[in-house]
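Visitor: One structure is given below, represented as structure tokens, and several questions about it will come after.
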Amino acid sequence: MRQPRRTSRRRAWTALTLPALLGVLAACSADPVAGGGTDAAGPARDASPTPTGPPGTLFDSFDYTGADDPSLATHGWEIRTGGGGPGIKDTWSADGAEFLSDTTAQGGKVLRLRSSTDGTEQGTEQVEVQTTGKNFFTGTYAARVHFSDKPTTGRDGDHVVQTFFPISPSDSSENYSELDFEYLPNGGWGSVGPQLDNVSWYKADPPDRVHNTLKKRLAGWHTLVITAMNGKVTYSLDGKDLFTSSGKYVPREQMDIHFSNWLIDLPFTGGPRTWDMKVDWVYYKADAAVSPADVQKTVDGFHTTGTDYVNTVPRP
């Protein structure tokens, strides 16, 4: 990643679901041990007034009926519809976020993020989904994500960025923090893809960050893990460490968790195309370094017990 990833942005978000209820779903009572998309199915779930489960833990398998499922806001998620960047400014749309059945997902459901463009600003829609808690700091972040190397429909060649990252609520924060997984199947900012960038930030403006680039085609499912503990941040892909940052390039304040699928620029016109990214599950453990193997063991335990969601991370 040779150029600044993001421009200054207005963090305008619209919650597309009902106001958040008190508490969260009682998903589990103890720490567990241990193929293609179709229409969403299943009724919206009720929320419990008392969260239960392993302390300091977020897990979500995205088992929602749609953007209007009341549980989505209750569980602390919202879909971006406001202005700003990165990418093609002011093109954020809720239309690109769907919750679908998927036989290739471990939990059977996915969050699909679909960006689309016809090569014009007016014909472009980007998509981003984030937590609303702003209460994630040191610990372990993990997600199972499906990257795309080619558009689902239309001509190839767009500079698309498929991402998983915790980030400060404000780009202008005094203690700005951001930790990125960014997959660029066709490259961007003058580079030639495919590539996976890991980026640890100290400041957004002017950009101050360190990064590592893995030049590899990564279409398909992958487990992404970020461990931020003891003055170090380590990024791993499918159990293999890729990059470690330290010094000032570590989290300095609490963050949100984001998933985003966006376009760096518009390199050509000539017909519509769509790009899909999918998320099977997300996991966070506060103040603990959890190995990729133990992350998977814990997630397997949640699925075995039928747990779709748990959140016992303390509020700020």
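Visitor: Condition first: closer than 20 Å to residue 143 by Cβ, open to solvent by 10 Å² or more (accessible area, probe 1.4 Å) and out of contact with any Ser or Thr (no Cβ under 8 Å at 6 or more places or on another chain). Now tell me which residues in the stretch 49-74 satisfy that.
Guide: The one that is closer than 20 Å to residue 143 by Cβ, open to solvent by 10 Å² or more (accessible area, probe 1.4 Å) and out of contact with any Ser or Thr (no Cβ under 8 Å at 6 or more places or on another chain): 63.
Visitor: Exactly one condition in (1) at pLDDT 95 or above; (2) under 21 Å from residue 161 (Cβ atoms); (3) β-branched (Val, Ile, Thr) is false for residue 104; which is it?
Guide: Residue 104 satisfies every listed condition except (2).
Visitor: Looking at the stretch 78-96, which of its residues are open to solvent by 10 Å² or more (accessible area, probe 1.4 Å) and not in a loop (DSSP other than H, G, I, E, B)?
Guide: Of everything in the stretch 78-96, those that are open to solvent by 10 Å² or more (accessible area, probe 1.4 Å) and not in a loop (DSSP other than H, G, I, E, B) turn out to be 78, 92, 94, 95.
Visitor: While we're here: Which condition number in (1) out of contact with any Ser or Thr (no Cβ under 7 Å at 6 or more places or on another chain); (2) under 25 Å from residue 86 (Cβ atoms) is the one that residue 277 fails?
Guide: (1)
Visitor: Hey, any hits in the stretch 134-156 for a residue that's open to solvent by less than 10 Å² (accessible area, probe 1.4 Å), touching a strand residue (DSSP E or B) at 6+ places or on another chain (Cβ under 7 Å) and part of a loop (DSSP other than H, G, I, E, B)?
Guide: no
Visitor: Test of understanding: among 219, 204, which residue is open to solvent by 40 Å² or more (accessible area, probe 1.4 Å) and of a type in the set (A, V, I, L, M)?
Guide: That would be 219, the only listed residue that is open to solvent by 40 Å² or more (accessible area, probe 1.4 Å) and of a type in the set (A, V, I, L, M).
Visitor: Here is a further query. For the subset of the stretch 107-123 comprising residues that are outside any loop (DSSP other than H, G, I, E, B) and of a type outside the set (A, V, I, L, M, F, W, C), which member is surrounded by the most Cβ atoms within 10 Å (Cβ to Cβ)?
Guide: 115
The values are calculated or read from the model by the stated rules, or taken from the named source; none is laboratory data. Computed from a prediction, not measured in an experiment: that's the story for all the values here. Note that we place each Cβ from the backbone using ideal geometry, even for glycine, and neighbour counts take in every protein chain shown. In case anyone asks, the SASA skips ligands and DNA or RNA and just uses the protein heavy atoms, side chains included. Shrake-Rupley method; radii C 1.70, N 1.55, O 1.52, S 1.80 Å.
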